[in-house]
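This report concerns only the one structure given below.
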Amino acid sequence: MLSRKYAFLTSIFLSFIYSVFLFALYTVPVDNSYITATFMEFRSTGNIPHFHSGIDFSTFLKEGIPVKAVEDGYLVRLEIDEGGIYGKTLVLQHADGYRTLYAHLSKFSEKLDKLVSMMNEEFGNQRVVVEIYSDEYKFQRGEVIGYSGSTGEATKPHAHFEVRSSDEKFFYDPLKFIDKNLLRPVSMNILLKSVRIEGKEYPFVENGVYYFSERYPKISIEAYTELAKNLLGVKEIKVYFSENLVYHIILDEVPEEYWNKPYEVYDEEGTIMTGLIYRGFYKLYNNKNVSFVKENKIESQTGNLYNVRIEITDEFGNNGVFRFTLQRR
């Protein structure tokens, strides 16, 4: 009887240890840094518009800052692509079933010097992607995997970081995985700057009145998390018409097939990205069944007057509540 009791307690203990291991938060790839771009922001770099499929860490505009493995893992892919979106890129496989990607590197870890030299000798300056089918190149949590740079289409040196499924068919918000307590403390705030209604743009005014004329209101909002003078994308938006939840979107994962379909989230007319300007207008309506839209009752709203409440949150725990009135013209 006593041995059964100990066996039961041992089973509970091992289950606890397994759970802690499975859900342990990753460390950050850049020490004492902060986020300069978030998951699923709009991007127009490359050949087609797409979602930003990771997050960016500041390297304080410097090349050569160490970029570290966020968890124990082994190398599964190395890419050298100076003219592509990602530039020099490294991908690790982890025991928890996820892969992490590190991009725009100026150079790789010294551990990979021999492999990189062989690649350069064989292929020169061509785009090279090498898949590794063994766990020969292991990296420990916190070990340097490379150094920050601006290879690919990065305009300034920084560290781009992604979390993907093992088959790389899904991209996940890395802020769900990392220990955010390791980020540099910075002031943050949720902003709602502008409203677009049926293609016309207005500055947002709290408790203001806006007009619509179509069968149901088609609203887009320009909203951000303001962090260290950067304007970042938000994670979740809820829209209430007269206290009824009519639209709800959560931007925490995206299937690969939607990577190049950012207009499922963003207003194609209002959203702009250039080297100097970024304006992201989130559509608060959608006529398709997409996974990141959790509630979608906008098309059934055919009334003449609505008291609108918009609740916006981000992955850092910031919240913003904004109110205005919609009236049929």
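The values are calculated or read from the model by the stated rules, or taken from the named source; none is laboratory data. The structure displayed is predicted, hence computed values, not measured ones. Positions of Cβ are backbone-derived with ideal geometry, glycine not excepted, and every protein chain shown enters the neighbour counts. Side chains included, ligands, DNA and RNA excluded: accessible areas come from the protein's heavy atoms. Shrake-Rupley method; radii C 1.70, N 1.55, O 1.52, S 1.80 Å.
With respect to the numbered conditions (1) in contact with a Pro (Cβ under 9 Å, 6 or more places away or on another chain); (2) crowded, with 18+ Cβ neighbours inside 10 Å; (3) farther than 16 Å from E236 by Cα, which one is the sole condition not fulfilled by E268?
In the conditions (1) in contact with a Pro (Cβ under 9 Å, 6 or more places away or on another chain); (2) crowded, with 18+ Cβ neighbours inside 10 Å; (3) farther than 16 Å from E236 by Cα, E268 misses (2) alone.
Select from region 293-324 the residues that are of a type in the set (S, T, Y) and within 26 Å of K180 (Cβ to Cβ) and list them in ascending order.
T313
One residue is enough: does region 271-285 have a residue meeting the conditions more than 24 Å from E206 (Cβ to Cβ) and in contact with a strand residue (DSSP E or B) (Cβ under 7 Å, 6 or more places away or on another chain)?
yes
Can you confirm whether G275 is under 23 Å from S213 (Cα atoms) and either touching an Asp or Glu at 6+ places or on another chain (Cβ under 8 Å) or not in a strand (DSSP E or B) (or both)?
no
Could you say which residue among D96, D135 is over 20 Å from S148 (Cβ atoms) and open to solvent by 50 Å² or more (accessible area, probe 1.4 Å)?
D135
Across region 278-301, what is the number of residues that are under 15 Å from L245 (Cα atoms) and either assigned to a loop (DSSP other than H, G, I, E, B) or β-branched (V, I, T) (or both)?
Number of matching residues: 7.
Only one of these is in contact (Cβ under 8 Å) with a residue 60 or more places away in the chain and either open to solvent by 20 Å² or more (accessible area, probe 1.4 Å) or farther than 24 Å from T225 by Cα (or both): N32, N120, N47, N125. Name it.
None of the other options fit; the residue is N32.
Say whether the condition of being farther than 16 Å from Y74 by Cα and either more than 24 Å from the chain's Cα centre (by Cα) or at pLDDT 95 or above (or both) is met by at least one residue in region 129-136.
No.
Return the total of residues in region 286-316 being open to solvent by 50 Å² or more (accessible area, probe 1.4 Å) and of a type in the set (A, V, I, L, M).
1
Which condition number in (1) surrounded by fewer than 18 Cβ atoms within 10 Å (Cβ to Cβ); (2) at pLDDT below 95 is the one that M273 fails?
(1)
Looking only at region 213-230, filter to residues that are open to solvent by 30 Å² or more (accessible area, probe 1.4 Å) and in contact (Cβ under 8 Å) with a residue 60 or more places away in the chain; which one of those is farthest from S300 (Cα to Cα)?
Of the residues in region 213-230, the ones open to solvent by 30 Å² or more (accessible area, probe 1.4 Å) are 213-215, 218, 226, 228-230.
Next, only the ones that are in contact (Cβ under 8 Å) with a residue 60 or more places away in the chain stay: 213, 215, 218, 228, 230.
On the way: S213: 15, R215: 9, K218: 12, A228: 40, N230: 37 Å.
Per the stated criteria, the residue is A228.
So that you can scan it fast, the table gives a plain yes or no per residue for (1) more than 23 Å from Y258 (Cβ to Cβ); (2) touching an Asp or Glu at 6+ places or on another chain (Cβ under 9 Å):
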residue	(1), (2)
F51	no, yes
I55	no, yes
Y74	yes, yes
L78	yes, yes
L90	yes, yes
Q93	yes, yes
L105	yes, no
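Might you check whether a residue that is within 26 Å of Y306 (Cβ to Cβ) and more than 28 Å from the chain's Cα centre (by Cα) occurs anywhere in region 244-257?
Yes - at least one qualifying residue is present in region 244-257.
Is it the case that some residue within region 214-235 is within 17 Å of L305 (Cβ to Cβ) and either assigned to a strand (DSSP E or B) or in contact with a His (Cβ under 8 Å, 6 or more places away or on another chain) (or both)?
Filtering region 214-235 down to residues within 17 Å of L305 (Cβ to Cβ) leaves 214-219.
Add one more test, that the residue is either assigned to a strand (DSSP E or B) or in contact with a His (Cβ under 8 Å, 6 or more places away or on another chain) (or both), and what stays is 219.
Scanning region 214-235, I find at least one residue that is within 17 Å of L305 (Cβ to Cβ) and either assigned to a strand (DSSP E or B) or in contact with a His (Cβ under 8 Å, 6 or more places away or on another chain) (or both), so the answer is yes.
Against the definition (open to solvent by 90 Å² or more (accessible area, probe 1.4 Å), more than 16 Å from the chain's Cα centre (by Cα), at negative phi and among the hydroxyl-bearing types (S, T, Y)), how does T151 come out, yes or no?
The answer is no for T151.
Would region 163-175 turn up any residue that is crowded, with 21+ Cβ neighbours inside 10 Å, of a type in the set (S, T, Y) and touching a residue at least 60 places away in the same chain (Cβ under 8 Å)?
No - not one qualifying residue is present in region 163-175.
Being exposed (fewer than 13 other Cβ atoms within 10 Å of the Cβ), at pLDDT 95 or above and not in a strand (DSSP E or B) is the filter here, so list the residues in region 192-212 that pass it.
V205, E206, N207
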